[in-house]
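First comes the structure, then the notes that go with it.
Each value in this text was obtained by applying a stated rule to the coordinates, not by laboratory testing. From a predicted model like this one, the values you see are computed outputs, not experimental measurements. All Cβ positions, even for glycine, are placed from backbone atoms using ideal geometry, and neighbour counts span all protein chains on display.
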Amino acid sequence: MEIQEKIAFLGAGNMAGALIRGLLHAGASKATDILATDVRSERLAELAEKHGIGTDADNRAAVAWADVLVLSTKPQVFPRLLSELEGIVDGSKLVVSIAAGVPIAAIEKRLGQGVRVIRVMPNTPALVDAGATAIAAGSHATKEDIALVKAIFDNVGITVVLDESAMDAVTGLSGSGPAYIFMIIEALADAGVKVGLHRETAQRLAAQTVMGSAKLLIDTGEHPGRLKDMVTSPGGTAIAGLHTLEEGSLRTTLMNAVESATNRAKELGRIANEDIG
């Protein structure tokens with residue numbers, strides 16, 4: 001999908017950089033239609049040199065120029081950014097927030113009830129165009145707004161559209177999920193070292209096994225249980241390993257981790273709502 005709208009990234013961190021790269025690499029946007037702002041002049045210079053996009057230290061100027069405002073600052077400065085945008089953002093602008101845990105209602109309250117807001121929860125694999133992103137629309141966002149934001153994030157992975165009520169669960173699963181997977185890869189690599197493999201070899205094999213298994217699941221559409229059964233044979237090595245994982249309650253531990261992260265996301269959302277409101 002070719003994107004005609006002018007997009008301003010208010011905050012030029014890693015996620016903004018990934019989205020800019022993805023949009024340009026896919027040919028979805030022109031460099032002249034992208035602008036980034038940040039307090040770090042060296043970061044803006046880096047993006048301008050690397051991608052040929054526009055940069056500005058003034059958020060207000062960016063708002064006046066853009067059709068789409070991607071709020072991509074660090075969480076600790078997000079309330080200050082909203083204060084800066086109060087009174088200068090109206091219904092002609094589409095506001096896209098990637099601030100973790102900040103409810104749409106809190107943004108609408110600060111910027112005005114007529115503002116079109118879409119909340120986004122990406123994850124870090126978007127940095128290598130393999131992200132899993134969920135988007136939820138505010139009450140004033142249109143179907144066209146949703147399609148536009150989906151098109152933006154589709155350039156760095158897959159995108160699903162959900163009700164905002166599901167966003168805390170998304171944060172617990174895919175938002176926090178890379179941390180769980182990195183720990184699993186690290187543990188597999190440690191195990192490889194324990195049974196005699198060199199560290200570099202063990203880590204390469206562990207990472208590729210996780211990536212390849214995920215690709216097999218996605219490409220075939222098979223149930224993970226069926227694919228697991230394809231690896232196991234009577235009295236074999238895989239079933240012996242699975243028995244140990246079941247003894248260690250791997251399933252329950254992962255389910256509890258997602259639930260804990262989801263509950264923490266809800267708690268942080270309440271705090272963010274109070275801080276912004």
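Worth a mention:
- Average Cα contact separation per residue, the chain, under 8 Å, 6 or more apart, as relative contact order %: 15 percent
- Taking 24 Å as the limit for the C-alpha separation, the pairs K109/K266; K50/K215; K6/K74; K150/K228 exceed it in the case of K50/K215; K150/K228.
- Here r is the Cβ-Cβ distance between V39 and A179 and R0 is 35 Å; the resulting FRET efficiency, rounded to 0.05, is 0.80.
- FRET efficiency, 1/(1 + (r/R0)^6) with R0 35 Å, evaluated for A130 and D163 via beta carbons: 0.90
- Percent RCO, i.e. relative contact order, over region 7-164, from Cα pairs under 8 Å lying at least 6 residues apart: 21 percent
- 16 Å Cα-Cα reach of K93 towards aspartates and glutamates, excluding residues that sit fewer than 8 places from it in its own chain: E5, D33, D67, E84, E108, E144, D145
- Note on H25 and R251: their simple-model spin labels are 3.7 nm apart, each label 7 Å out from Cα toward Cβ.
- Going from the residue with the fewest nearby Cβ atoms within 10 Å to the one with the most, S176, S213, S41 rank S41, S213, S176.
- Eigenvalues of the alpha-carbon gyration tensor of region 177-262, scaled by 5 and square-rooted, set the equivalent ellipsoid semi-axes at 20, 18, 16 angstrom, largest first.
- Taking 0.36 nm per residue of separation and subtracting the current Cα-Cα distance, fully stretching the chain between Q113 and A187 would add 21.8 nm.
- Stretching the chain fully between K50 and V77 yields a gain of 7.1 nm (0.36 nm per residue, less the alpha carbon separation).
- Taking Cα centre as origin and charging only the Cβ of basic (Lys, Arg, +1) and acidic (Asp, Glu, -1) residues, the dipole magnitude of region 177-262 rounds to 160 debye.
- Calculated P(r) of region 7-164 - Cα pairs past 18 Å, %: 54 percent
- Each Lys and Arg Cβ is given +1 and each Asp and Glu Cβ -1; about its Cα centre, region 20-90 then shows a dipole of about 260 debye.
- Measure of compaction for the chain (Cα Rg per 2.2 N^0.38 Å): 1.14
- Choice from A62, A99, A187 with maximal GNM fluctuation in the chain (Cα, 10 Å cutoff): A187
- Multiplying the residue separation of L242 and D229 by 0.36 nm and removing their Cα-Cα distance gives an extension gain of 3.6 nm.
- Calculated FRET value between L197 and E259, using beta carbons and R₀ = 41 Å, to 0.05: 0.75
- Rg and Dmax of region 120-208, Cα atoms only, in Å: 17.4, 59
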